[in-house]
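The next block holds one structure in the form of structure tokens; read it before the comments.
The values are calculated or read from the model by the stated rules, or taken from the named source; none is laboratory data. Just so it is clear, the structure is predicted and the values come from calculations on it, not from any experiment. Note that we place each Cβ from the backbone using ideal geometry, even for glycine, and neighbour counts take in every protein chain shown. These area figures cover heavy atoms from the full protein model, side chains too; ligands, DNA and RNA do not enter into them. Shrake-Rupley method; radii C 1.70, N 1.55, O 1.52, S 1.80 Å.
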Amino acid sequence: QVQLVESGGGLVQPGGSLRLSCAASGSIFSINYMGWYRQAPGKQRELVARITNSGSTNYTDSVKGRFTISRDNAKNTVYLQMNSLKPDDTAVYYCNARLRRVAGAYEYDDWGRGTQVTVSS
């Protein structure tokens, strides 16, 4: 089995910062990309940021210049540094990984359970 465990969420004032972490563990042969999605109440889940195993990144427009995604391949861990947070960033943030459990197997998407980020004064 594979587990993705997020940490680092919480309550922060507008303009503040938070750093999310997500560690993948278990039976993993390789991880292609890792990323963060978020879902606010009443809205669809959206991609926030993604990073490939070679370090290429992409971000949704609303977080460009404020959020930074990074990755430690040796630890199968992805991070999301969130600065200049806004109330609109309030959501449950989910870790995602496209991975392969054994050599030659198909890749599939696995998900964490989510961590709440609330931006409020």
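Computed values, structure above
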{"read-out": "Count of residues meeting criterion [open to solvent by 10 Å² or more (accessible area, probe 1.4 Å), touching a Ser or Thr at 6+ places or on another chain (Cβ under 7 Å) and farther than 30 Å from Pro14 by Cα] in segment 85-111", "value": "2"}
{"read-out": "Checklist (1) in a loop (DSSP other than H, G, I, E, B); (2) touching a residue at least 12 places away in the same chain (Cβ under 8 Å); (3) not hydrophobic (A, V, I, L, M, F, W, C) applied to Asp110, failing item", "value": "(1)"}
{"read-out": "Candidates Asp72, Asp89, filtered to the one that is of a type in the set (Asp, Glu) and either in contact with an Asp or Glu (Cβ under 9 Å, 6 or more places away or on another chain) or closer than 30 Å to Ser120 by Cβ (or both)", "value": "Asp89"}
{"read-out": "Within segment 51-70, tally of residues that are under 17 Å from Tyr94 (Cβ atoms) and in contact with a Ser or Thr (Cβ under 7 Å, 6 or more places away or on another chain)", "value": "2"}
{"read-out": "Filtered residues of segment 85-107 (kept if among the charged types (D, E, K, R) and either part of a loop (DSSP other than H, G, I, E, B) or under 15 Å from Leu47 (Cα atoms) (or both))", "value": "Lys86, Asp88, Asp89, Arg98, Arg101, Glu107"}
